[in-house]
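What follows is one structure encoded as C-alpha coordinates, with my remarks underneath.
The values are calculated or read from the model by the stated rules, or taken from the named source; none is laboratory data. Just so it is clear, the model here is predicted, and its values are computed rather than measured. With ideal geometry, Cβ positions are generated from the backbone for all residues, glycine too; neighbour counts draw on all protein chains shown.
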Amino acid sequence: MKYNIKKIYGYLNRLLWRFIYKSRFKSLGKNSYFYKPILFTPFCIDCGNNVKIFKSSRIQGVKKYNDNFFSPIIIFENNVTIQQNLHLTCANSIVIGENTAIASNVTITDIHHPYENINIPIERQDIEVKEVIIGKNCKIYNNVVILPGVHIGNHVTIGANSVVNKDLPDFCVAAGAPSKIIRQYNFDTATWEKTN
(Lines give C-alpha, C1' and ligand atoms only; values in the text may rest on other atoms or scores of the structure.)
Protein backbone atom coordinates (compact mmCIF):
# COMPACT_ATOMS: atom_id res chain seq x y z
CA MET A 1 0.00 0.00 0.00
CA LYS A 2 2.81 2.44 0.88
CA TYR A 3 4.41 1.88 -2.52
CA ASN A 4 1.15 2.74 -4.31
CA ILE A 5 0.69 5.97 -2.30
CA LYS A 6 4.29 6.98 -3.04
CA LYS A 7 3.78 6.25 -6.74
CA ILE A 8 0.53 8.24 -6.86
CA TYR A 9 2.16 11.15 -5.00
CA GLY A 10 5.05 11.17 -7.48
CA TYR A 11 2.64 11.13 -10.43
CA LEU A 12 0.58 14.02 -9.00
CA ASN A 13 3.76 15.96 -8.28
CA ARG A 14 4.93 15.59 -11.91
CA LEU A 15 1.46 16.54 -13.16
CA LEU A 16 1.45 19.70 -11.02
CA TRP A 17 4.98 20.59 -12.19
CA ARG A 18 3.95 20.27 -15.85
CA PHE A 19 0.81 22.36 -15.23
CA ILE A 20 2.86 25.17 -13.63
CA TYR A 21 5.77 25.21 -16.08
CA LYS A 22 4.50 23.98 -19.47
CA SER A 23 3.57 27.44 -20.76
CA ARG A 24 6.98 28.83 -19.76
CA PHE A 25 8.99 26.48 -22.01
CA LYS A 26 9.63 27.07 -25.69
CA SER A 27 8.20 23.55 -25.89
CA LEU A 28 7.79 20.70 -23.42
CA GLY A 29 7.12 17.24 -24.85
CA LYS A 30 5.03 14.41 -23.43
CA ASN A 31 6.26 12.66 -20.28
CA SER A 32 9.17 15.08 -19.85
CA TYR A 33 10.06 16.19 -16.34
CA PHE A 34 12.79 18.11 -14.51
CA TYR A 35 12.99 16.80 -10.95
CA LYS A 36 13.76 19.52 -8.36
CA PRO A 37 16.15 21.76 -10.33
CA ILE A 38 18.21 24.30 -8.38
CA LEU A 39 17.89 26.81 -11.21
CA PHE A 40 16.48 26.66 -14.72
CA THR A 41 15.28 29.08 -17.37
CA PRO A 42 12.44 27.35 -19.25
CA PHE A 43 11.95 30.25 -21.70
CA CYS A 44 14.98 29.05 -23.71
CA ILE A 45 14.40 25.29 -23.42
CA ASP A 46 13.01 23.24 -26.31
CA CYS A 47 12.32 19.84 -24.77
CA GLY A 48 11.26 16.69 -26.64
CA ASN A 49 9.28 13.71 -25.36
CA ASN A 50 10.30 11.42 -22.48
CA VAL A 51 13.14 13.68 -21.28
CA LYS A 52 14.11 13.04 -17.64
CA ILE A 53 16.44 15.36 -15.78
CA PHE A 54 17.05 14.44 -12.17
CA LYS A 55 17.53 16.61 -9.10
CA SER A 56 19.81 19.55 -8.37
CA SER A 57 20.36 20.59 -12.00
CA ARG A 58 21.30 24.10 -13.03
CA ILE A 59 20.13 24.74 -16.60
CA GLN A 60 20.60 28.41 -17.33
CA GLY A 61 20.11 30.45 -20.46
CA VAL A 62 22.04 33.72 -20.33
CA LYS A 63 20.18 36.56 -22.10
CA LYS A 64 22.44 39.40 -21.01
CA TYR A 65 26.04 39.62 -19.87
CA ASN A 66 27.58 43.04 -19.30
CA ASP A 67 26.13 45.14 -22.13
CA ASN A 68 25.75 42.24 -24.57
CA PHE A 69 22.46 40.51 -25.33
CA PHE A 70 22.07 36.84 -26.34
CA SER A 71 19.32 34.52 -27.58
CA PRO A 72 20.08 31.20 -25.88
CA ILE A 73 18.46 27.99 -27.08
CA ILE A 74 18.80 24.69 -25.23
CA ILE A 75 17.44 21.62 -27.02
CA PHE A 76 16.85 18.27 -25.36
CA GLU A 77 15.71 15.84 -28.05
CA ASN A 78 13.45 12.83 -27.34
CA ASN A 79 14.44 10.30 -24.65
CA VAL A 80 17.36 12.24 -23.19
CA THR A 81 18.12 11.23 -19.60
CA ILE A 82 20.38 13.21 -17.29
CA GLN A 83 21.29 12.22 -13.74
CA GLN A 84 21.71 14.61 -10.79
CA ASN A 85 23.78 17.81 -10.58
CA LEU A 86 23.89 18.80 -14.25
CA HIS A 87 25.51 22.25 -14.69
CA LEU A 88 24.54 23.66 -18.10
CA THR A 89 25.02 27.31 -19.08
CA CYS A 90 24.10 28.60 -22.51
CA ALA A 91 24.19 31.98 -24.26
CA ASN A 92 24.18 30.66 -27.85
CA SER A 93 23.04 27.08 -28.52
CA ILE A 94 23.36 23.68 -26.85
CA VAL A 95 21.76 20.62 -28.47
CA ILE A 96 21.62 17.17 -26.84
CA GLY A 97 20.56 14.47 -29.31
CA GLU A 98 17.90 11.83 -28.82
CA ASN A 99 18.53 8.76 -26.64
CA THR A 100 21.64 10.33 -25.13
CA ALA A 101 22.27 9.44 -21.48
CA ILE A 102 24.32 11.69 -19.22
CA ALA A 103 25.54 10.60 -15.78
CA SER A 104 25.88 12.80 -12.67
CA ASN A 105 27.96 15.92 -12.06
CA VAL A 106 28.43 16.82 -15.75
CA THR A 107 29.15 20.38 -16.93
CA ILE A 108 28.18 21.58 -20.42
CA THR A 109 28.72 25.18 -21.48
CA ASP A 110 28.90 27.25 -24.64
CA ILE A 111 30.38 30.19 -22.72
CA HIS A 112 34.05 31.10 -22.43
CA HIS A 113 35.34 33.78 -20.05
CA PRO A 114 38.43 35.23 -21.75
CA TYR A 115 41.15 37.08 -19.86
CA GLU A 116 42.13 39.80 -22.31
CA ASN A 117 42.45 42.82 -20.04
CA ILE A 118 44.44 42.23 -16.85
CA ASN A 119 42.95 45.40 -15.31
CA ILE A 120 39.42 44.00 -15.34
CA PRO A 121 38.37 40.97 -13.24
CA ILE A 122 37.69 37.91 -15.42
CA GLU A 123 34.01 37.72 -14.47
CA ARG A 124 33.48 41.33 -15.61
CA GLN A 125 34.95 40.89 -19.07
CA ASP A 126 32.73 40.14 -22.08
CA ILE A 127 32.08 36.48 -22.74
CA GLU A 128 32.68 34.53 -25.95
CA VAL A 129 30.11 31.95 -27.05
CA LYS A 130 30.26 28.96 -29.43
CA GLU A 131 27.52 26.36 -29.96
CA VAL A 132 27.78 22.87 -28.47
CA ILE A 133 26.22 19.85 -30.17
CA ILE A 134 26.02 16.39 -28.61
CA GLY A 135 24.81 13.74 -31.04
CA LYS A 136 22.29 10.93 -30.77
CA ASN A 137 22.71 7.70 -28.78
CA CYS A 138 25.68 8.97 -26.76
CA LYS A 139 26.72 8.00 -23.23
CA ILE A 140 28.51 10.58 -21.12
CA TYR A 141 29.85 9.37 -17.77
CA ASN A 142 30.30 11.13 -14.40
CA ASN A 143 32.16 14.42 -13.95
CA VAL A 144 32.67 15.12 -17.66
CA VAL A 145 33.19 18.74 -18.74
CA ILE A 146 32.17 19.72 -22.30
CA LEU A 147 33.56 23.08 -23.41
CA PRO A 148 32.33 25.72 -25.90
CA GLY A 149 32.45 24.98 -29.62
CA VAL A 150 32.56 21.18 -29.23
CA HIS A 151 30.58 18.99 -31.65
CA ILE A 152 30.20 15.39 -30.53
CA GLY A 153 29.04 12.85 -33.11
CA ASN A 154 26.46 10.08 -32.79
CA HIS A 155 27.06 6.88 -30.79
CA VAL A 156 29.92 8.38 -28.77
CA THR A 157 30.96 7.28 -25.27
CA ILE A 158 32.90 9.69 -23.07
CA GLY A 159 34.69 8.25 -20.03
CA ALA A 160 34.35 9.62 -16.49
CA ASN A 161 36.33 12.76 -15.52
CA SER A 162 37.04 13.70 -19.15
CA VAL A 163 37.41 17.28 -20.40
CA VAL A 164 36.15 17.54 -23.98
CA ASN A 165 37.69 20.55 -25.72
CA LYS A 166 37.56 19.42 -29.37
CA ASP A 167 35.18 17.67 -31.75
CA LEU A 168 34.61 13.91 -31.58
CA PRO A 169 33.44 11.88 -34.62
CA ASP A 170 30.66 9.29 -34.74
CA PHE A 171 31.14 5.84 -33.21
CA CYS A 172 34.09 6.46 -30.91
CA VAL A 173 35.10 6.17 -27.26
CA ALA A 174 36.98 9.12 -25.75
CA ALA A 175 38.55 9.64 -22.33
CA GLY A 176 41.04 11.86 -20.53
CA ALA A 177 41.70 15.50 -19.76
CA PRO A 178 41.90 16.72 -22.43
CA SER A 179 39.93 13.88 -23.99
CA LYS A 180 41.42 11.67 -26.68
CA ILE A 181 39.83 8.99 -28.83
CA ILE A 182 40.84 5.61 -27.40
CA ARG A 183 38.63 3.36 -29.53
CA GLN A 184 36.75 3.72 -32.78
CA TYR A 185 34.34 1.46 -34.60
CA ASN A 186 35.62 0.05 -37.90
CA PHE A 187 32.70 -0.69 -40.21
CA ASP A 188 34.90 -2.68 -42.61
CA THR A 189 35.84 -5.23 -39.92
CA ALA A 190 32.71 -4.68 -37.78
CA THR A 191 34.89 -4.35 -34.66
CA TRP A 192 35.93 -1.73 -32.13
CA GLU A 193 39.61 -0.90 -32.59
CA LYS A 194 42.02 0.80 -30.20
CA THR A 195 43.65 3.97 -31.47
CA ASN A 196 47.24 5.05 -30.90
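For the stretch 59-77, the condition holds for at least one residue, the condition being that it is over 17 Å from Ala91 (Cβ atoms) and outside any strand (DSSP E or B). Just one of the listed residues (Ser57, Ser71) is surrounded by fewer than 21 Cβ atoms within 10 Å (Cβ to Cβ) and either at pLDDT 95 or above or small (Gly, Ala, Ser) (or both), and it is Ser71.
When the residues of the stretch 73-93 are filtered to those that are of a type in the set (A, V, I, L, M, F, W, C) and touching a residue at least 40 places away in the same chain (Cβ under 8 Å), which remaining residue is farthest from Ala177 (Cα to Cα)?
Of all residues in the stretch 73-93, those of a type in the set (A, V, I, L, M, F, W, C) come to 73-76, 80, 82, 86, 88, 90-91.
Of the ones still in play, those that are also touching a residue at least 40 places away in the same chain (Cβ under 8 Å) are 73, 76, 90.
Working: Ile73: 27, Phe76: 26, Cys90: 22 Å.
My answer is Ile73.
Scanning the stretch 145-178 for residues that are buried (at least 16 other Cβ atoms within 10 Å of the Cβ), among the small types (Gly, Ala, Ser) and under 15 Å from Ala103 (Cβ atoms) yields Gly159, Ser162, Ala174, Ala175. So for the stretch 33-45 (the condition being in a helix (DSSP H, G or I), surrounded by fewer than 20 Cβ atoms within 10 Å (Cβ to Cβ) and of a type in the set (A, V, I, L, M)), does at least one residue qualify? The answer is no, given that none of the residues of the stretch 33-45 is in a helix (DSSP H, G or I), surrounded by fewer than 20 Cβ atoms within 10 Å (Cβ to Cβ) and of a type in the set (A, V, I, L, M). Considering Gly61, Gly97, Gly159, the condition of being more than 16 Å from Asp46 (Cα to Cα) and small (Gly, Ala, Ser) is satisfied by Gly159 alone. Restricting the stretch 78-112 to residues that are part of a loop (DSSP other than H, G, I, E, B) and either in contact with a Cys (Cβ under 9 Å, 6 or more places away or on another chain) or modelled with pLDDT under 95 (or both) leaves a set whose member that is surrounded by the most Cβ atoms within 10 Å (Cβ to Cβ) is Asp110.
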